1. Please enumerate the residues belonging to the range 99-119 that are farther than 21 Å from residue 56 by Cα and either assigned to a helix (DSSP H, G or I) or in contact (Cβ under 8 Å) with a residue 24 or more places away in the chain (or both).
2. I'd like to verify a number: residues in the range 294-318 that are within 21 Å of residue 113 (Cβ to Cβ) and either assigned to a loop (DSSP other than H, G, I, E, B) or of a type outside the set (S, T, N, Q) (or both), how many?
3. Only one of 304, 281, 297 is of a type in the set (Ser, Thr, Tyr), touching a residue at least 24 places away in the same chain (Cβ under 8 Å) and touching a His at 6+ places or on another chain (Cβ under 7 Å). Can you tell me which?
4. Output the residues belonging to the range 237-261 that are surrounded by 13 or more Cβ atoms within 10 Å (Cβ to Cβ) and touching a strand residue (DSSP E or B) at 6+ places or on another chain (Cβ under 7 Å).
5. Suppose we keep only residues that are surrounded by fewer than 20 Cβ atoms within 10 Å (Cβ to Cβ) and at pLDDT below 75 within the range 37-53. Which one would you say is nearest to residue 143 (Cα to Cα)?
6. Which of the residues belonging to the range 141-180 are more than 22 Å from residue 45 (Cβ to Cβ) and among the hydroxyl-bearing types (Ser, Thr, Tyr)?
7. Of all residues being free of Cβ contacts under 8 Å to residues at least 40 places away in the same chain and not in a strand (DSSP E or B) in the range 148-166, which is farthest from residue 344 (Cα to Cα)? Just the residue, please.
8. Can you tell me how many residues in the range 214-227 are over 11 Å from residue 282 (Cα atoms), of a type in the set (A, V, I, L, M, F, W, C) and crowded, with 18+ Cβ neighbours inside 10 Å?
Amino acid sequence: MSGSSLGHLFCVTNFGESHGPAIGCVVDGCPPGLPLAAEDLQRDLDRRKPGTSRHVTQRRESDTVEILSGVFEGRTTGTPIALLIRNEDQRSSDYAELARRFRPGHADFTYQHKYGLRDPRGGGRSSARLTAPMVAAGAIAKKWLRLQYGTRVRGRMSALGDIDMPFVTWDEVDRNPFFSADAAIVPRLEAAMDALRRSGDSIGARIAVEAIDVPIGLGAPLFDKLDAAIAHAMMGINAVKGVEIGAGFAVVRQKGSEHGDEITPDGFVGNHAGGVLGGISTGQPITVSLAIKPTSSIRLPRRSIDVDGQPVTVDTQGRHDPCVGIRATPIAEAMLALVLMDHALLHRAQCGDVEAIHVASPADRLRGHGAVD
């Protein structure tokens, strides 16, 4: 199956199935000498893993990551890094009746027609369980970016269904199961999720993710634009149906005098561009917003067909997230970090010999450095 790799110089190849023995990835292109241990990856995996609250699937997976190669005496060697996460709590019997039926909203129908067969257990290869290895790989990218440039990547949930979640403080995000930046709204979110779970239905969500202290110069015209690469990676996350960079679809109602971020000796006046101009990073925060669709696996009866084209009714049992967006924040962070590291290496490969003769920009003075070294 093609389409399982992301990146050019920092390339991550994902493998496994939801109910197979294990899932994992191979990370190729990580520079040598990066201090790395399993503990560096486990924190983000623990933020993403199932069973962390009553509001998500109760599948019990420790998501313990093993580093099989590419690290010697605590440092990366520059060779491929193989990461393995063993599946521990499969209940394949929950999917026995779905082997011949197509679940509405799932990839069952398309996989069957493309490949001629499919693994119905937990969605097989199309399961969101396959995001776990990407989170582990993203943790490597996060650490390298932080040590190399001081770049930090962070995210939060900004809406649960029709409940907008205001930003108050980043300090609150990891203190609640919703990755909310506002503690006061958590009881309302809990009540909404409890009612949703009782109803057997599901709901969508919106995720906001950003990278700060990003070097100027990442990305390239025309078709390797940084924002294009970010959108490509984000659309690779299960259930993502929309990606906005900066002001996103709000630009439809903006005038040029409002949208174009003016530049003064003290820096950019705004960041409607989301930290990218002409496909190249400006040094401002990279801001991305994701629309996550409602979970397709719900208990309510839905019309569909079987493999013979006959009408059937599907009501999905088993353990599922009423809102897959609740666990999507660390996934979005990981994908953004992977893209930024890949483009940092690409820029260094092409422009590493470019001397710092560019005109000092306001962003340089505000951030303390210019283009990527």
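1. Those that are farther than 21 Å from residue 56 by Cα and either assigned to a helix (DSSP H, G or I) or in contact (Cβ under 8 Å) with a residue 24 or more places away in the chain (or both): 100, 101, 102, 108, 109, 110, 111, 112, 113, 114, 115, 119.
2. Number satisfying all stated conditions: 14.
3. Going through 304, 281, 297 in turn, just one is of a type in the set (Ser, Thr, Tyr), touching a residue at least 24 places away in the same chain (Cβ under 8 Å) and touching a His at 6+ places or on another chain (Cβ under 7 Å): 297.
4. Those that are surrounded by 13 or more Cβ atoms within 10 Å (Cβ to Cβ) and touching a strand residue (DSSP E or B) at 6+ places or on another chain (Cβ under 7 Å): 239, 240, 242, 243, 244, 245, 246, 248, 261.
5. 52
6. Selection gives 149, 158, 169.
7. The extreme case among them is 162.
8. Going through the range 214-227 one residue at a time, the tally reaches 1.
The values are calculated or read from the model by the stated rules, or taken from the named source; none is laboratory data. Bear in mind that the values here come from a model prediction, so they are computed numbers and not experimental data. Note that each Cβ is placed from the backbone with ideal geometry, even for glycine, and that neighbours are counted across all protein chains shown.
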